[in-house]
1. Take every Cα-Cα distance within segment 590-644, group them into 5 Å bins from 0 onward, and report for each bin the whole-number percent of pairs it holds.
2. Report Rg (one decimal) and Dmax (nearest whole number) for segment 435-551, counting Cα atoms only, units Å.
3. Please compare each pair in Lys334/Lys449; Lys272/Lys496; Lys272/Lys477; Lys132/Lys499; Lys417/Lys449; Lys334/Lys445 to a cut-off of 24 Å on the Cα-Cα distance and tell me which ones are over it.
4. With the Cα gyration tensor of segment 209-298 giving a ≥ b ≥ c as the square roots of its eigenvalues, does the rule (a/c under 1.5 for rounded; else a/b larger than b/c for prolate; else oblate) give rounded, prolate or oblate?
5. For a quick check of your reading of the filter: which trypsin sites (Lys or Arg not before Pro) in segment 376-440 sit in a DSSP loop and have no more than 11 other Cβ atoms within 10 Å?
6. Kindly express, to the nearest 10 degrees and within the range 0 to 90, the angle between helix 419-443's C-alpha long axis and the longest C-alpha principal axis of the chain.
7. Which translational diffusion coefficient, to the nearest whole µm²/s, is obtained for segment 323-434 from the Stokes-Einstein equation, given a Kirkwood hydrodynamic radius over C-alpha pairs, 4 °C and 1.567 mPa s?
8. Taking the Cβ of Trp386 as the center, what net charge do the other residues with Cβ under 9 Å away carry, scoring Lys and Arg +1 and Asp and Glu -1?
Amino acid sequence: MNNLRSNNLKAKLRTNWRLLLLALAVVATLNPATMLITALLSSIALGFAICRLLNLEAALPKTALPAAWIAGGAVVFTQAVYAAATVAGYSRLLCITAVVASLLFALAAIKIRPFTRSELNDWRKELHEHAKGIAFAALAALLVAGTLYASTLTPSNGGLNAGGWNWSDYLVHYSIITTVNNGNFPPQTPFFAGQPLAYDWLADFHAAIIANAAGGMEKHATFLQSALFTLALALATYHAALALARNKRAALFAVTLLLLGGGLGWLRLAEKTMAGANAAQLITSESFDNSWAADAGYYRIPSVMGTGLLAHRSTTAGLAIFAVAAMLLILAFKDRKLMLAVGVLTALATPFRYFAFAATLAFAAAFALDETRREGIRTAASRAAWFFLPALAGFAFLPAGSGIANFSFNWGWEAPKDPLHFALFYAANFGVPLLLALAGILTAKVERKTALLLAAAMLFAVPNIVSFTHIAWDMNKFFQFMTLPLCVLAGGALAKAPKTIAAVLLAAAIASPVLVMAWFATSELQALNPLQLQAAEWIAANTPRDAVFATPNFINQPTDYAGRLRLTTFPPYAENYGFNPAERERDLNTAYCGTPQQAAQALAKHGAQYIIDDPGRECSKPYRESPLFEKVFDNGLAIYRVRN
């Protein structure tokens, strides 16, 4: 009887998979559906196959597995395509081949290790048991994707808006994706042409592969990818908190605080509104999360939602990978095979987000030190070695000299240096979640408090001691990774509070990030004005894909949207990528303000064939009348080509 049931189950699975393949073939004829299928196959399907074939699932809850599939699959897939592209060249055919291989790999995993009835029953049981956590993770993914869709490169008054901080960030990433898909591989820096891209750019490469395989729509590929990483982040945090708090309510609070928790910046809105300002206008025009405004006061640290999920694309990937690694360290620190796998994942994920690599090492070190206290140094060292030996290979993925050129001691980060205002600065920026975490240390029933506290302290200390970025503010990413251990403690504390008090505290904790989401979705910051957008569309249609342009030295130029290279960008941005822009600044000034011969020589020096006029620069503009240059486009913003 059991054999008969087993054979019937296998027959049903075979039939269902055939129907699924047929459905995929039909749906794949639609470009948006193709993109969705490609995204899922390049992450979940491959991650599932790896976990299934290596039997890495036994120590993990079933509903924690999709988080590991997304993070592990995306990392391995992207690294594999990168390795293949360095040998065979990057092309759409390669991208499609890799996606199909992922599907075949997943089907092979099911064939080799088919699901048993017991496994399927476990899945049904856990899906029901953790329905709220799964639903919240899915809702968070949709919320991030929806906010990005509503706010990023949306048509407005003839130009393109980029809401919130994406005004200054998104086209940087978009230019990487579009130039790679235009043949810029191995990639030069799109906004510093001729120099290798020394940046943790593989999250953008993963999005480029998705778009390339699907036949375009790079913008939508980034939204979909961010949703997947947010889903992984939420599921991993939920299961990490659940394992330590043994309380589903505490786990849900931990996820909520991680994704939506922030500082007390909302008090600025209340203050300005009480002074007579229009609240609706303020929300659409100003950030009440972190801010660069002159009257921002203490509020300088962005929340996870405010930049980690909505603006800093590599940090979105990094947070998800870090959370998955943290979850696995918590759930399976004694499992050698899993620790080896987490170490490999940590190393391979280094080019997705360098900060995540360092944060994962710190988190693992905290748990290893706590294990020393609990189990003794020999046992702890033996268990930790299975993680650290492969993980430390991640240093090989760092660019030569990465962080060294910009290394400096930076005591106290950007906080006031006197102890009282230092404490007030961080209390204001970390807000209610920090207070709840401190309460959790004293009152919450959470295991491994010492490890969580040590991990948070280590991640807090890094930006308050050193900096490896030209713009020291960018070290704030460590605070975002610190949020995970803090929110596990805070979730435990909030779960013990009466419902009314918990609701009030939660509202105060999430107000600032909710306001910043509204700012993203409703602000009308133009990334490209109508003239720039028209120029970008002309460039994309009428210039060689490998063309190099001289442009004004600022962010958001037509070339970024068109997928072409340019000589330089806003100087602090160039320095943050490890470049010294001084020489290019001089040559750019010569191109705009020298003689025609000098201008042509300056462009030729860097391989530039085109120059976009700079209306804001008042000088000779030698290309306008010289026979050495030809005007090829003019809608009020002129583009000139250097004659051969």
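The values are calculated or read from the model by the stated rules, or taken from the named source; none is laboratory data. Since this is a predicted model, take the numbers as computed values, not measurements. Here Cβ is always computed from backbone atoms with ideal geometry, including for glycine, and neighbour counts include all displayed protein chains. For the accessible areas, the whole protein counts, side chains as well, though only heavy atoms, and no ligand, DNA or RNA atoms are used. Shrake-Rupley method; radii C 1.70, N 1.55, O 1.52, S 1.80 Å.
1. 4, 23, 34, 27, 10, 1
2. Considering segment 435-551 through its Cα atoms, Rg and Dmax are 22.6, 65 Å.
3. Pairs exceeding 24 Å: Lys272/Lys496; Lys272/Lys477; Lys417/Lys449.
4. Oblate is the answer for segment 209-298, as a/c is 1.5 or above yet b/c matches or exceeds a/b.
5. When the trypsin sites (Lys or Arg not before Pro) of segment 376-440 are filtered for loop state and at most 11 Cβ neighbours within 10 Å, Lys417 remain.
6. 30
7. The diffusion coefficient I find is 81 µm²/s.
8. +2
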